[in-house]
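Working notes, structure below.
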Amino acid sequence: MEQKGLLGNISREAAPDDDGSTTTDVFTVVVGDCLNDDGATGEVTEVAIIDCETAHDSEAVKSVMMADGAFPGEAAVAAQAVTECTSAFTSFVGLDYESSSLDFSYYSPTQESWASSDREILCLVVDPDRKTTGTLEAAAK
């Protein structure tokens, strides 16, 4: 599992890239979107959204809004993300994380994005060995 920070402001209405994906602001990603985001690290501002029937790297499976207040710190954000995304993974894939060949990742608030009211943890399911075509929902692998 890999943490990916959030920060950015770009419209989702961009023109499609050569592979059919649309590069968009990470804040516009919603549950059900499929992404070509392999290799994204650190603070991520843009991602490539692509039709789930086209080969892709990850699929957004759950959105969790953290409680308002002061930024809880990176460790607290990561702990909540792991807890929430592990549970979402099991429900979505149909097999517990420890028994699965699949993995999860997440986008989460950074201290900087928190200051701009970012409270969302976005859980993603990925196949670490290859791109996926179609959904991994109920894949049970």
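The values are calculated or read from the model by the stated rules, or taken from the named source; none is laboratory data. This one's a predicted model, so the numbers in the text were calculated from it and none came from an experiment. Keep in mind that these areas ignore ligands, DNA and RNA; they rest on the heavy atoms of the full protein, side chains included. Shrake-Rupley method; radii C 1.70, N 1.55, O 1.52, S 1.80 Å.
A few points about this structure:
- The chain: mean projected area of Cα convex hull, nm²: 7.8
- When DSSP beta bridges are restricted to pairs lying wholly in the chain, around 80% turn out antiparallel.
- Area of PHE27 that stays accessible when all protein chains are in place (1.4 Å probe, Å², to 10): 70
- For the chain, the fraction of 1.4 Å probe accessible surface lying on carbon and sulfur atoms is 48 percent.
- Think of a 1.4 Å ball rolled over the protein heavy atoms: the chain then has 49 Å² of accessible area per residue.
- Top of LEU124, LEU95, LEU35 by mean-square fluctuation, Gaussian network on the chain, Cα under 10 Å: LEU95
- Whole-percent pair-distance distribution, where bins are 5 Å wide, for the alpha carbons of the stretch 97-141: 5, 18, 23, 17, 11, 11, 12, 3
- Proximity of backbone amide H atoms, modeled 1.01 Å from N, is registered between LYS62 and CYS123 at under 5 Å, excluding neighbours fewer than 5 places apart on the same chain.
- Ellipticity estimate at 222 nm from DSSP helix runs (n ≥ 4, -39,500 (n - 2.57)) divided over the chain, nearest 500: -5500 deg cm²/dmol
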